[in-house]
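Input: a single structure, listed below in structure tokens.
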Amino acid sequence: MTTSPFDAIISELQQLKGSLSQEELDTFIDHLTEGKRIFIAGAGRSGLMAKAFCMRLMHLGRQAYTVGDVSTPSFTKDDVIVFASGSGETASLKLMAKKAKESGGRIITVTASKASSLRNDADAVVTLPVHDTSMQPMGSTFEQTLLLFFDAVVLRYMERYSITEQRMKQTHANLE
């Protein structure tokens, strides 16, 4: 009997268990909280995971914006931006990082690459331990791991700042 694709994906992600410590989550949160506002940028499916994280940051009570949305304000020296890119070589994100650096704000990069261009301008880097030998196509394992990482950050943030789910629900959209 062959393994179902679902079970194979879960098995692949299970191999990442224990690869990121609570200390790494805390360091990421420390960098996030240094900014008055948080901006999130990513392209493609990584961008979709980043948008989900941006939504949760808003639920946590933070001023969070997705770069490229029509209601996103200008980035300043008081802000922090999180770039999500498996390769760390997405041209549009590299240009944004240069501009963010010129603005004087803080830059965090979340990537799978240990030698990417987006690392160069970053004040902090999280390298997600994704294997190149995935059975899944086109960076799917990075994108799945990215969502899990962001959700782990949310859980740790909730714990650290005593934020309940009930409190988060108060900021959830009510015009759906």
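Data for the structure
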| item | result |
| --- | --- |
| Condition met for GLY47 (at positive phi and not β-branched (Val, Ile, Thr)) | no |
| Any hit, segment 90-108, residues being surrounded by 19 or more Cβ atoms within 10 Å (Cβ to Cβ), farther than 20 Å from GLU34 by Cα, at pLDDT below 90 and not basic (Lys, Arg) | no |
| Flag if LYS51 is without any contact (Cβ under 8 Å) to a residue 24 or more places away in the chain and assigned to a helix (DSSP H, G or I) | yes |
| Close pairs from segment 3-14: first over 17 Å from PHE142 (Cβ atoms), partner of a type in the set (Gly, Ala, Ser), Cβ under 9 Å, at least 6 apart | THR3/SER11 |
| Every residue from segment 85-108 that is hydrophobic (A, V, I, L, M, F, W, C) and without any contact (Cβ under 8 Å) to a residue 24 or more places away in the chain | ALA91, LEU95 |
| Filter result for the condition that a residue is in a loop (DSSP other than H, G, I, E, B), among the acidic types (Asp, Glu) and under 17 Å from the mean Cα position of the chain (by Cα), over GLU143, GLU89 | GLU89 |
| Failed condition for ASP69, given (1) in a loop (DSSP other than H, G, I, E, B); (2) within 14 Å of HIS31 (Cβ to Cβ) | (2) |
| Residue under evaluation GLN136, criteria (1) surrounded by 14 or more Cβ atoms within 10 Å (Cβ to Cβ); (2) of a type in the set (S, T, N, Q); (3) modelled with pLDDT of 95 or more, criterion not met | (3) |
| Matching residues in segment 1-48 - criterion: being crowded, with 16+ Cβ neighbours inside 10 Å, small (Gly, Ala, Ser) and not in a helix (DSSP H, G or I) | GLY35, ALA41, GLY42, ALA43 |
| MET58 in contact (Cβ under 8 Å) with a residue 60 or more places away in the chain, over 22 Å from ALA112 (Cβ atoms) and not in a loop (DSSP other than H, G, I, E, B) | yes |
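The values are calculated or read from the model by the stated rules, or taken from the named source; none is laboratory data. Just so it is clear, the model here is predicted, and its values are computed rather than measured. Cβ atoms come from the backbone with ideal geometry, glycine included; neighbour counts cover every protein chain shown.
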